[in-house]
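Student: Sharing a structure below in structure tokens format, with a few things to ask.
Readers should treat all values here as calculations from the given coordinates under stated rules, not as data from a laboratory. Quick caveat, the model's predicted, so the values are computed rather than measured. With ideal geometry, Cβ positions are generated from the backbone for all residues, glycine too; neighbour counts draw on all protein chains shown.
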Amino acid sequence: MRARREFRKRKDIDVAILDALVDRASEGMTVYELRAVVDADIDAIGEALDRLKSDSLITVEGEDDRVRIMPAERVVPDPGEAPDDEGSLLDRIRDRLGF
């Protein structure tokens, strides 16, 4: 599953992290689990997590000496919401040009 469309106009690593977290929204992920899914080094992931946390797009919960990262509820699409796999051709052109 992918994060809602309004959260996709961010750095690629931010979007990759949000998508991974949305896939496991109910249980969340550790930093190491994210590292296994997202194609970036641990420093880049840490910087992205800082940005996402400061924008209130993720929450961090500690339990049993393990920190779990969860997507904010507003990032997770509703069950009936159509997935935004590719978007229309016009949407992809706009995204590519930065509009």
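Student: Which residues, taken from region 48-70, are closer than 13 Å to ASP14 by Cα and surrounded by fewer than 15 Cβ atoms within 10 Å (Cβ to Cβ)?
Tutor: Selection gives ASP50, LYS53, SER54, ASP55, SER56.
Student: Taking region 38-47, which residues are among the aliphatic types (A, V, I, L, M) and surrounded by fewer than 16 Cβ atoms within 10 Å (Cβ to Cβ)?
Tutor: Within region 38-47, ILE42, ALA44 meet the criteria.
Student: Restricting to region 1-30, and then to whatever is acidic (Asp, Glu) and surrounded by fewer than 19 Cβ atoms within 10 Å (Cβ to Cβ), can you tell me which residue is nearest to PRO79 (Cα to Cα)?
Tutor: The qualifying residue nearest to PRO79 (Cα to Cα) is ASP23.
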